[in-house]
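Here is the structure we will look at, set down as structure tokens.
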Amino acid sequence: MHIWGGSTLVSTRLPVSLVSGEIENPQRPTEEEKKLFLAIAERLIRASEKEMLPHSIHDVVKSLSTEPFRKEINCTVFQESQVEKVRVRIRTLLISWDESQSGKLEEGSLGAYSWNDCEIGIKKGIKTLKFTNYLMLNPEELREKERDSFGKIENEGLLHHELLHGQLLIDAMRESLSWQEKVCRHDFDFTPVDLEHRVIYDLQ
Ligand SMILES: [Zn+2]
């Protein structure tokens, strides 16, 4: 049985971090990394289906599947829009944990979610933004934690945390008119990613 407490998933603050810059040379995950990710993600998705998570990660989980997350924003409702529509497509790929990215990671990091490559195109008044984002998890640390039930919960908390760095920006795309207005004016606002953890800790 899992202890998914009311508004707190895991009370300990895990040493987690987000890479905001480009991850260079992303490598395919190892078999072990895939297995670890799938095991933890499966438990997290099960909790999500039962609406036991303090904040949904539905869309970012979808972006990890073969079907990317898509959102179309109608810009004609905003004054000073530069385009008629903005279309966003987001895929998230699990990549291999890479210590050499350590310059961008906090020490002792267990995972990272990176808004990485974005392909931008404008055609006939429609702006298209295609993101390929990366998720990576530290297999050595996670493997150890998977051995006992409290560690398993910590791993679920870690994955939930990393995925929130994706979901919160997707939430802004879906729900925030001011965010939508900005993107229609060619101003892509990354603030909701919450690099500085202003809101994430309250949502996990
Ligand atoms: Zn974080």
Quick one: is residue 69 at pLDDT 95 or above, under 20 Å from residue 203 (Cβ atoms) and surrounded by 17 or more Cβ atoms within 10 Å (Cβ to Cβ)?
yes
Top-ranked residue of region 179-204 - restricted to ones that are in a helix (DSSP H, G or I) and within 16 Å of the ligand (Cβ to nearest atom), ranked as farthest from residue 119 (Cα to Cα):
202
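Okay, residues lined up against (1) of a type in the set (Asp, Glu); (2) under 23 Å from residue 155 (Cα atoms); (3) modelled with pLDDT of 95 or more:
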{"site": "11", "(1), (2), (3)": "no, yes, no"}
{"site": "31", "(1), (2), (3)": "yes, yes, yes"}
{"site": "48", "(1), (2), (3)": "no, yes, no"}
{"site": "56", "(1), (2), (3)": "no, yes, no"}
{"site": "94", "(1), (2), (3)": "no, yes, yes"}
{"site": "98", "(1), (2), (3)": "yes, yes, no"}
{"site": "111", "(1), (2), (3)": "no, yes, no"}
{"site": "119", "(1), (2), (3)": "yes, no, no"}
Select, from 50, 124, 85, the only residue that is more than 21 Å from residue 167 (Cβ to Cβ), loosely packed, with under 12 Cβ neighbours inside 10 Å and not acidic (Asp, Glu).
124
Within region 167-178, does at least one residue satisfy the condition of being in contact with a helix residue (DSSP H, G or I) (Cβ under 7 Å, 6 or more places away or on another chain), within 14 Å of the ligand (Cβ to nearest atom) and among the hydrophobic types (A, V, I, L, M, F, W, C)?
yes
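Being assigned to a helix (DSSP H, G or I) and away from the ligand (no atom under 16 Å from the Cβ) is the filter here, so list the residues in region 146-166 that pass it.
Quick first cut of region 146-166, residues assigned to a helix (DSSP H, G or I) only: 149-166.
Within region 146-166, 149, 150, 151, 152, 153 meet the criteria.
The values are calculated or read from the model by the stated rules, or taken from the named source; none is laboratory data. All values reported here derive from a predicted model rather than from experimental measurement. All Cβ positions, even for glycine, are placed from backbone atoms using ideal geometry, and neighbour counts span all protein chains on display.
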